[in-house]
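Worksheet: the structure to be examined is printed underneath.
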Amino acid sequence: MPVKSLSGRLSWGLALSLVILLTVQWGMVSYAIRHLTEDQMASRLLQDSESLLAGIQFDASGQMTIDTTRISTVYQRPFSGHYFVIESIGQQYVSRSLWDHDLLTPAVNAGVQVRLTIDGPDWQRLLSVTHGYLKQDRLIVITVAEDLKQFDAGLRQFQWLYGAVSALILAALLLLQYYIVRRELKPLQMLRANMGKLERGETDRVEMAGPAEIAPVVAELNRLLAAMGNKARRSREALGNLAHALKTRLSILSQIAQQPEIMALPELQNSLQESTEALRRIVERELKRARLMGDALPGQRVNLQEEIGMLVQTLQLMHAGKTLDIRWRVDDGAVFTGDQEDLLELLGNLLDNACKWAVGQVLLSVKKSDGVVFTIEDDGPGCSPEELQQVTVRGFRADESQPGSGLGLAIVRDIVESYGGRLKLGRSQELGGFSVEVWLPNR
Amino acid sequence: MRLLLVEDDVTLGPQLRTTLQQAGYAVDLSVDGVDAEALGDIEPYDLVILDLGLPQRSGLEVLANWRKRDNKVPVVVLTARGSWQEKVEGFKAGADDYIGKPFQVEELLARVSAVLKRSQGLAAGPLTAHGVTLDEATQSLIGADGRHESLTATEYRLLRYFMLNPDQVISKSRLAEHVYDYDSDKDSNVMEVYINRLRQKIGSELIQTKRGQGYLFSSKGS
């Protein structure tokens, strides 16, 4: 299951509970109104029934007579919606309004009341109240009925209105809730935007206060970032000091190896020089590797134009004994986010190598390509495929006679690996010499 | 040529000074940044070898301060840290060259010599005038006929200074300042004796005496 956003889940949950609440409320209110109104109608019908009863008389022959003056006119008009049926031992009196229609009348005993919903004339739906009475020792069953059409129409109208108002309220609540969720989750959105900035190296700390729930997270994050940064700086400094101390001692050793007294013992001098050189290589390689930051820390956006410009100036001075044309171009949109020192180490080693081998031209180009690609080319002799194989596999220089540490490529490979990038060695299309292509991914 | 060596390590400093002196340089050694900065401003050094990790004031700061005061003395930075970041910072501060520790003595001497020539506007390669070549490795003279002639330490220093500063009138005191180190006894009468011996070896017309002003080494020939 994909990770859903917090605001999506909140919105859905709240919307669903609101719909359920409003629907149940609508049903309950409809039910209550129907119930109350029918009760009221039934009691009115019973009153009519009782006033009819008052007008019933039995003569001596047992014939039932009804005082018609007591009967309301609505019972006289045909199909008026108001009907009654009076039954007593084989006799039946039906309201004029019923015309020739029969009403379903249940048989009941005296004192029993039955309420029914029945079909009436003209497709009317009727609420009927049937009551059994005893008068002059005879059982009289009176059924009074009233058309429910008006009531049904009223109820439907009410239900529609209630439904419409509920829907409006629902919409308004959903809208309100959407805004509340958005507003309350704003700190999280800001945090997300800040993390993006952090990743892209546009800032080195999360710049926001946030509500009480988030503030501690932000504070802790900033503390961790600062602590990691400080630790990295301190360890770099310590490594620098260590390198200084070790290499100064190594310098002394290599000076001693050239003292006349030692020169007189060539074997001793040789082994002294070899050991010093081996130590130097180990110190150089391992300390440089340890100083690498890689992509462990949130990077800083490096100003490529400025750093490369400075580096090229430095290389011109370092190779002042040689007339070198070092050209470089940085494409628009090419961005490196990482550690500035790592980048300088990477480009410095590659450019220095190119300068050593070049006859007169070195070219550095920086392109954007789902990350960034640095290409360093020279017009030197380049490498044969076999030599390339060796250099690629072992990472050491092909020609031991060329001055220099020979550790350059090995360190370059360490840097590229620590950023999860790729290194490609080959022949330069443009200048004909050696070419190195370094691809570093976006963060 | 007179150099200022700034190195705080108690073993490496004196050792390097000896090596450099054997290579024919007058060398003053300074062991801290503040002292080095003052010396570099007062004394007319031809070149400074500057370690970056110094007590009291870092080498980078010392270098930047010199450049701020328009002190253009050539500086070869000597450092053990060796990161490119530091190299760039060193050149940005005004260094002329850079050597990472540990180094081979030959490499240091070659770089010092190259920077000296560059700072005087001379082409790289051996110092030559009138068919006479100065061999810096053996501190001797190679004549037009290819014959080697040895030079004493002082003769070598003098000749190199002349060859690095051709066609200029050089006073006796300037010569003494650049050929002897701070602690030496600078007797200008002794200088005349050395110059006469040098004239005997390379030919008297190469070094002219400008009365009351000093000497002139001509690169064009008479």
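Just want the ordering: B:PHE217, A:PHE58, A:PHE434, from fewest to most Cβ atoms lying within 10 Å of their own Cβ.
Final ranking by Cβ density, sparse to dense: A:PHE58, B:PHE217, A:PHE434.
Taking a threshold of 20 Å on the Cα-Cα distance, which of the pairs A:LYS322/A:LYS368; A:LYS288/A:LYS368; A:LYS231/A:LYS288; A:LYS197/A:LYS424; A:LYS424/B:LYS92 fall above it?
In this structure, A:LYS322/A:LYS368; A:LYS288/A:LYS368; A:LYS197/A:LYS424; A:LYS424/B:LYS92 lie more than 20 Å apart at Cα.
What is the mean number of Cβ atoms from other protein chains located within 10 Å of the Cβ atom of each residue in peptide A:249-259, rounded to a whole number?
If you average over the peptide's residues, the count of other-chain Cβ atoms is 6.
First check a/c for the protein assembly as shown, with a ≥ b ≥ c the square roots of the eigenvalues of its C-alpha gyration tensor; if it is under 1.5, answer rounded, and if not, answer prolate when a/b is larger than b/c or oblate otherwise.
It comes out prolate by the Cα gyration axes.
Normalized C-alpha radius of gyration of segment B:1-124, against 2.2 N^0.38 Å?
My calculation over the Cα atoms of segment B:1-124 gives 0.95.
Determine ³J(HN,Hα), in whole Hz, for all residues of segment A:75-87 in sequence, where each value follows from phi through the Karplus function 6.51 cos²θ - 1.76 cosθ + 1.60 and θ = phi - 60°; x replaces Gly and Pro.
Listing the rounded values in order: 7, 8, 6, x, 6, 5, x, 10, 9, 8, 9, 10, 10 Hz.
For segment A:209-222, in order, what is each residue's ³J(HN,Hα) by Karplus, 6.51 cos²θ - 1.76 cosθ + 1.60 with θ = phi - 60°, in whole Hz (x at glycine and Pro)?
Karplus values, whole Hz, x for Gly and Pro: 8, x, x, 4, 6, 9, 3, x, 4, 4, 4, 5, 4, 4.
Using a cut-off of 13 Å between alpha-carbon atoms, which aspartates and glutamates can reach B:LYS87, once sequence neighbours fewer than 8 places away in the same chain are excluded?
A:GLU307, A:GLU341, A:GLU345, A:ASP352, B:ASP51, B:ASP96, B:ASP97
Show me, for segment A:228-239, the HN-Hα J-couplings you get by feeding each phi into the Karplus relation (A = 6.51, B = -1.76, C = 1.60, θ = phi - 60°), rounded to Hz, glycine and proline as x.
5, x, 5, 5, 4, 5, 4, 5, 4, 5, 4, 5
Using alpha carbons only, how many degrees (0 to 90, rounded to 10) separate the axis of helix A:6-54 from the longest principal axis of chain A?
Orientation of helix A:6-54: about 0 degrees from the principal axis.
With 10 angstrom as the radius, rank A:TRP160, A:TRP328 by how many other C-beta atoms surround their C-beta, starting from the fewest.
Going from least to most buried by this count: A:TRP160, A:TRP328.
Compute the signed sum of charges (Lys and Arg +1, Asp and Glu -1) over the other residues within less than 13 Å, Cβ to Cβ, of A:ARG233.
Spelling it out: positives minus negatives among the neighbours equals 0.
Quick one: angle between helix B:153-164 and the longest Cα principal axis of chain B, in degrees between 0 and 90, rounded to 10, please.
90 degrees
Return the whole-Å distance between the Cα centroid of segment A:1-77 and the Cα centroid of segment B:88-145.
When both Cα centres are located, 115 Å separates them.
Expressed as an acute angle from 0 to 90° and rounded to the nearest 10, what is the orientation of the C-alpha long axis of helix B:188-202 relative to the principal long axis of chain B?
The angle comes out at about 70 degrees.
In whole angstrom, how far apart do the alpha carbon centroids of segment A:84-122 and segment A:157-182 sit?
47 Å
Would you mind ranking A:SER166, B:SER173 by Cβ crowding within 10 Å, fewest neighbours first?
B:SER173, A:SER166
Which lysines, on any chain, are close to B:LYS210 with Cα under 24 Å apart, when same-chain ones fewer than 8 places away are left out?
B:LYS172, B:LYS186, B:LYS201, B:LYS220
Treating the beta-carbon of each Lys and Arg as +1 and of each Asp and Glu as -1, no other charges, what is the dipole magnitude of segment A:199-240 about its Cα centre, to the nearest 20 debye?
320 debye
Return the aspartates and glutamates within reach of A:LYS4: Cα separation strictly under 20 angstrom, same-chain partners fewer than 8 residues apart disregarded; answer none if there are no such residues.
A:GLU184
Only the coordinates and a few stated rules stand behind these numbers; no lab work does. All of these numbers come straight from a predicted model, not from anything done at the bench. For neighbour counting, all protein chains shown are included, and Cβ atoms are generated from backbone atoms with ideal geometry for every residue, glycine included.
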